[in-house]
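Peer 1: Let me give you the structure first, and then I'll get to my questions.
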Amino acid sequence: QVQLVESGGGLVQPGASLRLSCVASGRTSSSGTMGWFRQAPGKEREFVAATRWPSGSPTYSDAAKGRFTISRDNAMNALYLQMTSLSPEDTAVYYCAAKNSRLILSRVRFEEDYDYWGQGTQVIVSS
């Protein structure tokens, strides 16, 4: 059983940056997939970014591309999302997700393919 805990959310002004963290505990496989999803009030949860190992470049949603960077630290068993140039449209609860296998690229955007989820961390972008 893998447990995920997100942190790093908060209230920031437009144009600011935030770094979200997701720490994983429990047993994990030598290959896998981790991603970030977000859900704004009144909207469905949407894909943000994902990374796969032992191989695979990060992939991003159109909204995240160019502003957000996903990274993984094997030693710390953690996943990060560096967000820059935040706008009110980025306001949402951000969730970390994981799967103990390497998903094919076409499947990383589908939340139903992930097995583990964190509790979420709130990001509010407002002036």
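The values are calculated or read from the model by the stated rules, or taken from the named source; none is laboratory data. A quick note: this is a predicted structure, and the numbers were derived from the prediction, not measured. When we count neighbours, we look across all protein chains shown, and the Cβ atoms used for this are built from the backbone with ideal geometry, even at glycine. We work out accessible area using only protein heavy atoms, side chains counted, and drop any ligands, DNA or RNA first. Shrake-Rupley method; radii C 1.70, N 1.55, O 1.52, S 1.80 Å.
Peer 1: Modelled with pLDDT of 95 or more, open to solvent by 10 Å² or more (accessible area, probe 1.4 Å) and under 18 Å from Gly9 (Cβ atoms): does that describe Ala64? Quick ask: steps written out before the conclusion?
Peer 2: Working: modelled with pLDDT of 95 or more: yes; open to solvent by 10 Å² or more (accessible area, probe 1.4 Å): no; under 18 Å from Gly9 (Cβ atoms): yes.
Spelling it out, it is not the case that Ala64 is modelled with pLDDT of 95 or more, open to solvent by 10 Å² or more (accessible area, probe 1.4 Å) and under 18 Å from Gly9 (Cβ atoms).
Peer 1: Moving on. Scanning the stretch 67-77 for residues that are over 11 Å from the mean Cα position of the chain (by Cα) and within 20 Å of Gly32 (Cβ to Cβ), which turns out surrounded by the fewest Cβ atoms within 10 Å (Cβ to Cβ)?
Peer 2: Ala75
Peer 1: Can you name every residue in the stretch 73-84 that is modelled with pLDDT of 95 or more and either assigned to a loop (DSSP other than H, G, I, E, B) or within 20 Å of Tyr116 (Cα to Cα) (or both)?
Peer 2: Let us first name the residues in the stretch 73-84 that are modelled with pLDDT of 95 or more, namely 79-84.
Those that are modelled with pLDDT of 95 or more and either assigned to a loop (DSSP other than H, G, I, E, B) or within 20 Å of Tyr116 (Cα to Cα) (or both): Leu79, Tyr80, Leu81, Thr84.
Peer 1: Taking the criterion of being in a strand (DSSP E or B), loosely packed, with under 15 Cβ neighbours inside 10 Å and modelled with pLDDT under 95, would at least one residue in the stretch 52-61 satisfy it?
Peer 2: Restricting attention to the stretch 52-61, the residues satisfying the condition of being in a strand (DSSP E or B) are 52-53, 59-60.
Those still in the list that are loosely packed, with under 15 Cβ neighbours inside 10 Å too: none.
Scanning the stretch 52-61 turns up no residue that is in a strand (DSSP E or B), loosely packed, with under 15 Cβ neighbours inside 10 Å and modelled with pLDDT under 95.
Peer 1: When the stretch 62-72 is examined, which residues are found to be part of a loop (DSSP other than H, G, I, E, B) and not charged (D, E, K, R)?
Peer 2: Within the stretch 62-72, Ala63, Ala64, Gly66 qualify.
Peer 1: Inside the stretch 1-47, can you point out the residues that are assigned to a strand (DSSP E or B), open to solvent by 40 Å² or more (accessible area, probe 1.4 Å), touching a residue at least 40 places away in the same chain (Cβ under 8 Å) and not hydroxyl-bearing (Ser, Thr, Tyr)?
Peer 2: Gln3, Val5, Leu11, Arg19, Val23, Gln39
Peer 1: Name every residue in the stretch 83-110 that is among the acidic types (Asp, Glu) and open to solvent by 60 Å² or more (accessible area, probe 1.4 Å), in order of residue number.
Peer 2: Within the stretch 83-110, Glu89 is the sole residue that qualifies.
Peer 1: I need every pair where a residue in the stretch 85-103 that is in contact (Cβ under 8 Å) with a residue 60 or more places away in the chain and part of a helix (DSSP H, G or I) has its Cβ under 7 Å from the Cβ of a residue that is among the aliphatic types (A, V, I, L, M) and open to solvent by less than 30 Å² (accessible area, probe 1.4 Å), sequence separation at least 6 or different chains.
Peer 2: Close Cβ pairs satisfying both conditions: Pro88/Val125.
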